[in-house]
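Here the structure comes first, spelled out in C-alpha cells, and everything after it is commentary.
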Amino acid sequence: MTTIGVLALQGDVREHLRTLTSLGVRAVPVRRRAELDAVDGLVVPGGESTTMAKLARIFELVEPLRERVGDGLPVFGTCAGMILLADRIEDGAAGQETIGGLDITVRRNAFGRQVDSFEEDLHVTGVAGPVHAVFIRAPWVEQVGPDVEVLARVEHGPAADRIVAVRQGRLLATSFHPEVGDDSRVHRLFVELVAST
Ligand code: GLN
C-alpha cells in the first residue's frame, strides 16, 4: 500500500492526513528521519514557513529532506509548504532556509494586508472543473524556471494572473489550501503522481 507522509513539525497536519486517508492511502505523520525514509511521498503542510524551517533544523531533517527531494521523492507543498519547496524567497525572514527543489521564486504574504485571506474558484490543470481555493496569508509564485509547469493562476481581482499552483517533475505546490473542505481532487493529483513513480 502506498504510504504518504505529512511533515508534522507545525501547521495543518491533521487536515492533510484526513484528506489523504479518504483517498485510500496510508497517511502518516513524519517527524523523524526514520519516518521520512519509510514514505513513498510527502506533504509539506501550510503553517508558518520560518517556524517550520527552524523546527526542521532542530529535528535534523533539513539535509535528509533535501536528499530525498534530490533522489526524486514526490512532495506536495501547500502554502508555507510551497515556500519550503522553493529555491528562492522574496521577502523571506533574514536567513530563512528552505528545502528547495522547485525552481521558483515565491513572495511570502504576497497578497498584502488588505486581503490577507480570500477564497476564489479557479482552474487547476489536471483537475476537471473549478477548485474552491482558500488562501490564508498566502505566497504567490513570482518567477518560474524553464522546467516548471504552471497549473493555476488567480483569475479575478487585483492579483489576477498571479501563479498559485506549479509542478516540476515530482514536486507539486499550491499557494492555497486544498486540505480545507472536502474536495480531495488536488490531493488525488498528488496520489496519482506518487503512484506513477
Ligand atoms: N504566511 C505563511 C508563511 O510565510 C504561510 C501561510 C500559510 O501557510 N497559510 O509561512
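Points to keep in mind about this one:
- Each peptide in 163-171, 1-9, 75-83 was scored by the mean count of other Cβ atoms within 10 Å over its residues; highest first, the order is 75-83, 163-171, 1-9.
- In units of the compact-protein estimate 2.2 N^0.38 Å, the chain shows a Cα radius of gyration of 0.92.
- Cut-off 13 Å between beta-carbons: net charge of the residues surrounding S196, Lys and Arg +1, Asp and Glu -1: +1
- For S184, S49, order by how many other beta-carbon atoms lie within 10 Å, fewest first: S184, S49
- For the chain, the relative contact order is 19 percent, taking Cα pairs closer than 8 Å that sit 6 or more residues apart in sequence and dividing their mean separation by the residue count.
- Over the chain, DSSP H runs of length four or greater, each weighted -39,500 (n - 2.57), average out per residue to a 222 nm ellipticity of -7000 deg cm²/dmol.
Every number here is computed from the coordinates shown, using simple stated rules; none is lab data. Since this is a predicted model, take the numbers as computed values, not measurements. Methodologically, a virtual Cβ is constructed for each residue, glycine included, from the backbone with ideal geometry; neighbour enumeration extends over all protein chains shown.
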